[in-house]
Amino acid sequence: MKKKKLNIGLIGFGFMGRTHSNAYRKVTNFFDIPYEPVLQTICGLEEDKSKAFADRWGYKTWTTDWHKVVEDKNVDVIDICVPNNVHAEIAIAAAKAGKAILCEKPLALNSEQAKTMVDAVEKAGVANMVSFNYRRVPAVTLAKKLIDEGRLGRIFHYRANFLQDWTISTKVPQGGIATWRLDVKAAGSGVTGDLLAHCIDTAMWHNGPINNVCAMTETFVKERMNVDTGKVEPVGIDDACTFFCKFDNGSLGNFESTRYARGHKALYTFEINGENASIAWDLHDLHRLSYFDHRDDSIVRGWRSIHVTDGDMPYMDKWWVPGLQIGYEHTFVHQAADFLQGMAEGKPASPTFREALATQQVCDAVLKSARNKSWEKVPR
Ligand SMILES: NC(=O)c1ccc[n+]([C@@H]2O[C@H](COP(=O)([O-])OP(=O)(O)OC[C@H]3O[C@@H](n4cnc5c(N)ncnc54)[C@H](O)[C@@H]3O)[C@@H](O)[C@H]2O)c1
């Protein structure tokens, strides 16, 4: 198959810039998609690092000005891997320039801003997708298939946790590279937008819309040095967030996220309990899905641990042989494959900006509920 070249302009070469670049380099080796992504331009804040990144990863050109990437006639896709406060400006300019857009999560600082991004991409009619990559862990995709097949029956409970421990020290600053997450101006929120957004996206994909939330947040360290201003400043983000919710299908949700769970680096887990069966998943063991089916004969009934590596399991026919597992980086390869395939077919790959707006609306309702100490309805 002769593949059409598709030039990528990637903005932000930190953690996500690496995962996305790696995905574009590998995707056509494993997936039959009609496009050949070409690493055209990389953009980051620092000149020396931008150049070094271009050399290491094979980008043809580099710049420190994202406007140049968006205006570049040679660029077909804008991939946004910068802190949350820069997403909207770049995405709206890219939509106006007619580029396809893959944007990191959370879509925006808040749902009001996210709505302007949805309007921009829909008005321009450009392909758009948000990088909620955990949907594309084969075990998580398999969970969706089992739920859609009705194996669980009526769903009663959905619970998810995303636990980390990297901000317990009061010496961790806010602002700057990577620690921009602790600065509310750059991040929009703390664990709610950074971590729970993933859990909410997966949960609504699995179990349908969330309509009401009741939340509690805490900021354990009230002041931190801001490396951008050089001053000790109040901390405006939520360090921890716990919320209950109701789904449209009548089930109850229970979510918790914190960066103060000593011993946990990135423990994303979920469990879904249905009338007939339950499912559980753990990011630290991401290639396994736990499944319990009450309809099994009682003498062999129990939780089974499904090793998600067989060729008839989601995405796995593209990789090695049954029994050999894949990992975190592959979720981004799957994402690139689905995004590019969607572009080729003119079908939006999920989650689109509009779907990510729904997640943002839940995040906003969670933060509002915590502020007001009340149940909040999620706007639609
Ligand atoms: N999908 C996931 O699981 C996941 C994981 C981590 C981060 N993220 C998201 O990805 C985005 C980036 O996070 P990260 O961890 O890669 O951050 P990072 O701090 O590692 O890197 C940020 C990059 O953005 C660049 N940058 C910042 N402002 C810029 C500007 N105005 N113009 C050009 N470049 C600019 C910096 O030079 C840096 O290269 C965030 O939105 C974050 O929420 C998603």
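Below is a table of values for the structure above.
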{"read-out": "Exposed GluC sites (Glu not before Pro) absent: longest stretch of the chain, with sites in DSSP loops and at most 16 other Cβ within 10 Å deemed exposed", "value": "150-274"}
{"read-out": "Residue-count net charge about Lys368 - beta-carbon cut-off 13 Å; Lys, Arg +1, Asp, Glu -1", "value": "-1"}
{"read-out": "Euclidean distance between Cα centres, region 13-67 to region 137-185, Å", "value": "26"}
{"read-out": "Eligible lysines near Lys4 by straight Cα distance, threshold 24 Å, same-chain separation 8 or greater", "value": "Lys26, Lys60, Lys68, Lys73, Lys96, Lys99, Lys318, Lys347"}
{"read-out": "Volume of the Cα convex hull of region 4-134, divided per residue and given in Å³", "value": "102"}
{"read-out": "For region 42-185, size of Cβ-based charge dipole, Lys and Arg +1, Asp and Glu -1, in debye", "value": "620"}
{"read-out": "Long-range Cα-Cα pairs in the chain (distance over 28 Å), rounded percent", "value": "47"}
{"read-out": "Charge dipole (region 82-168, unit charges on Cβ, about Cα centre) - positive-most of Pro106, Met129, Asn84", "value": "Met129"}
{"read-out": "Cross-link table Lys246/Lys368; Lys144/Lys368; Lys3/Lys105, entries beyond 19 Å C-alpha to C-alpha", "value": "Lys144/Lys368; Lys3/Lys105"}
{"read-out": "Residue order, fewest to most surrounding Cβ atoms within 10 angstrom, among Phe15, Phe339", "value": "Phe15, Phe339"}
{"read-out": "Neighbour net charge for Lys185 - beta-carbon separation under 11 angstrom, K R +1, D E -1", "value": "-3"}
{"read-out": "Rounded, prolate or oblate (a/c below 1.5 giving rounded, otherwise prolate when a/b exceeds b/c) for region 113-169 by Cα gyration tensor", "value": "oblate"}
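Read the figures in this text as sums done on the coordinates, not as results from a lab. Since the model is a prediction, treat every value here as computed from it, not as a measurement. So basically every Cβ, Gly included, is an ideal-geometry build from the backbone, and we count neighbours across all protein chains shown.
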